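Colleague: The structure's right below; bear with me while I get my questions together.
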């Protein structure tokens, strides 16, 4: 419970007036012993206890009546969001999560989580006598004054988007706003669905946030309006890649369900350059990946489209957009010391029948001849690069390129991307190094589109080099040493493999493992050639540059022009064609636990309120209840003061 007029609570001292009067009256009368009265006192002693209890009840009623009246005048508020304590609020800084996951419908409601939060905040602000409201929305990240709570739901800055949120950044912005302005007694309200990817509990930024709130010149309360209901009966669609292959367009599509209730048939609609088609896909499990080939015919140049599924509990993740360009040859550069390795690597990177793929072999001394702008994949089997080549290599990876790093035959103390090759290990005579653990869902050894695993257990090695340094292990040998690790740099990826496709080292040269791994790395690097057509909603690419005009090309939905950079769709921005989509993190539906929230806000006295999606006020005044209590106490006191009727004999 809190009070709008907290200063009036000093009036509670007036509740002691009946007690003071009672004590003063007791001092007015002095007891005198009188023998004649002893008989009368003995006669009335039995009824004295009842009279004393009655008088104490009258005294309590008078005291409570005054206290209840003071409480009513102070205008008490109740509600889990505002909690206990606090007085009049001068400024409310509202942090609104506008990520696409906030468009999920609240349970038992026709409102989305975002709409439900706005309605609750609107009603609460009105009951708080409409303090000054400052809005910081997650899409723009900018602070703006809202003239009235009635305008809150009509603002473009509170509408739906396909972006993601960074709650730590937004809270830091609120702290900066308080420091740079004079908002008086301020409170920070955070309206969010507590999705882990938006709150980033693993970030070290939370320590700085705790220190920032503690160092504010005035005590500032952090209140969290959470809408944490997990996604139910929700399916998301995503297009991972769109590429031309002859007279066809190949789409890599993923369907992800929030539930796993057995197989279900999902209608899927495909739109390609305005022409629509559809079919049904059977999904068994929570995630299903598949390829769809759409005919292009003789059409040349760029194109676009979308993949959509029926609307469910969150319509924002029921569509994915794509755009594509010309089909360009794929070049793989193989830098090798020689031996058998480059032969097998060349076959894996440009196998027979793959006319659009080519491999170019280079000696390490000629690595400067690599045409980085045309390379989809660079395979490096030599001591780690150094000097200008290493710098060019790093820039290539950072811009979205892919690299496969293989160990040199001799020892080398060079490092690249923070990793280096360790000492050479040989398996005991008659034994092999066997890979017994690998990531089936991620990396070049992941399972195929239909769930078929790569036959990694067939790989046997008698030689390997240790991989020194910190990286994500995607596969490991049976003695827990890493076989394949991954390092990311900017938009690109490099994987390090601890053995060679050379039969004096291993049977990696067999097509069972090497072919799918290399082809998948080529696909990773090839996406950078289509990256000019892809953008994340709300990113810099989705905004117009000077002199560019915006127009929407797809026919799936219409957009508000001022909100367009934050919405998914296919856009023509001047001469640019981009397909803008929600971030992949918005399809990660894990919710923060109470323990995680407590650890992140360990030194911050925050208040948490869970909105059930009914758009009710977060608080309500109860002064009427205290006025009624005052009246009840006064009537009770009056009844007790009535003298009993004397019966006539």
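Read the figures in this text as sums done on the coordinates, not as results from a lab. Since this is a predicted model, take the numbers as computed values, not measurements. Note: ideal-geometry Cβ built from the backbone for every residue, glycine included; neighbour counts use all protein chains shown.
Colleague: Neighbour counts of other C-beta atoms within 10 Å: give me 600, 102, 449 arranged from fewest to most.
Modeller: Fewest-to-most Cβ neighbours within 10 Å comes out as 449, 600, 102.
Colleague: Using alpha carbons only, how many degrees (0 to 90, rounded to 10) separate the axis of helix 623-641 from the longest principal axis of the chain?
Modeller: 20 degrees
Colleague: Now for a different question. Using Cβ counts within 10 Å as a stand-in for footprinting exposure, how do 332, 527, 269, 110 rank, fewest first?
Modeller: Taking fewest neighbouring Cβ atoms as first place, the list is 110, 269, 527, 332.
Colleague: With angles folded into 0 to 90 degrees, how steeply does helix 113-127 sit against the dominant principal axis of the chain? Use alpha carbons for both and round to 10.
Modeller: Taking the Cα atoms of the chain, the angle to 113-127 is about 30 degrees.
Colleague: Rounded, prolate or oblate: which fits the stretch 330-529 when a ≥ b ≥ c are the square roots of the eigenvalues of the alpha-carbon gyration tensor, with rounded for a/c under 1.5 and prolate only if a/b beats b/c?
Modeller: Verdict is rounded for the stretch 330-529.
Colleague: At what distance in nm do the modelled label points of residue 55 and residue 412 sit from each other, each positioned 7 Å from its Cα along Cα→Cβ?
Modeller: 10.2 nm
Colleague: Could you work out how much longer the chain between residue 260 and residue 556 gets when fully extended? Use 0.36 nm per residue separation minus the Cα distance between them, nm to one decimal.
Modeller: Between residue 260 and residue 556, full extension yields an extra 103.7 nm.
Colleague: At R0 = 45 Å, how high is the FRET efficiency between residue 300 and residue 150 if r is their beta carbon distance? Nearest 0.05 is fine.
Modeller: Calculated value: 0.25.
Colleague: Could you state the angle between the C-alpha long axis of helix 511-526 and the longest principal axis of the C-alpha atoms of the chain, as a value from 0 to 90 degrees rounded to the nearest 10?
Modeller: Relative to the chain, helix 511-526 is tipped by roughly 70 degrees.
Colleague: Now for a separate question. Give me the one-decimal nm value for the distance between modelled label points at residue 132 and residue 343, 7 Å along each residue's Cα-to-Cβ direction.
Modeller: 7.8 nm
Colleague: Let me ask something additional. In the stretch 496-538, whose amide N lies under 17 Å from the spot 7 Å out along Cα-to-Cβ of residue 240? List them in ranges.
Modeller: 515-531
Colleague: For a footprinting-style exposure proxy, rank 122, 546, 240, 368 by other Cβ within 10 Å, fewest first.
Modeller: The fewest-first ordering by Cβ neighbours comes to 546, 368, 240, 122.
Colleague: Under the definition of Cα pairs under 8 Å and six or more residues apart, what whole-number percent is the relative contact order of the chain?
Modeller: Reported as a whole number, the value is 18 percent.
Colleague: Here is a follow-up. Take residue 588 and residue 638, extend 7 Å from each Cα along the Cα→Cβ direction, and tell me the distance between the two endpoints in nm.
Modeller: 6.7 nm
Colleague: Over the stretch 330-529, what is the percentage of antiparallel beta bridges among all DSSP beta bridges, to the nearest 5?
Modeller: Looking only at bridges with both residues in the stretch 330-529, the antiparallel portion is about 50 percent.
Colleague: With a 10 Å radius around each residue's Cβ, average the other Cβ atoms per peptide and rank 460-472, 488-500, highest first.
Modeller: Per-residue Cβ counts within 10 Å, averaged per peptide and sorted highest first, yield 488-500, 460-472.
Colleague: Given the C-alpha centroids of the stretch 431-510 and the stretch 167-235, what is the distance between them in whole angstrom?
Modeller: Comparing the Cα centres of the stretch 431-510 and the stretch 167-235, I get a distance of 41 Å.
Colleague: Contour minus end-to-end for residue 247 and residue 436, with contour as 0.36 nm per residue of separation and end-to-end as the Cα-Cα distance?
Modeller: 64.0 nm
Colleague: Separate question: Once fully extended, how much extra length lies between residue 215 and residue 176, figured as 0.36 nm per residue of separation less the alpha-carbon to alpha-carbon distance?
Modeller: Using 0.36 nm per residue and subtracting the Cα-Cα distance, I get 12.9 nm.
Colleague: If you average the C-alpha positions of the stretch 99-165 and of the stretch 308-355 separately, how far apart do those two centres end up, in angstrom?
Modeller: Cα centroid of the stretch 99-165 versus Cα centroid of the stretch 308-355: 41 Å apart.
Colleague: Moving on. What FRET efficiency, computed as 1/(1 + (r/R0)^6) with R0 = 60 Å and r the Cβ-Cβ distance, is obtained for residue 278 and residue 599, rounded to the nearest 0.05?
Modeller: Efficiency computed from Cβ-Cβ geometry: 0.80.
Colleague: Of all DSSP beta bridges located in the chain, what percent are antiparallel, nearest 5?
Modeller: Once the DSSP bridges in the chain are tallied, antiparallel ones form about 65 percent.
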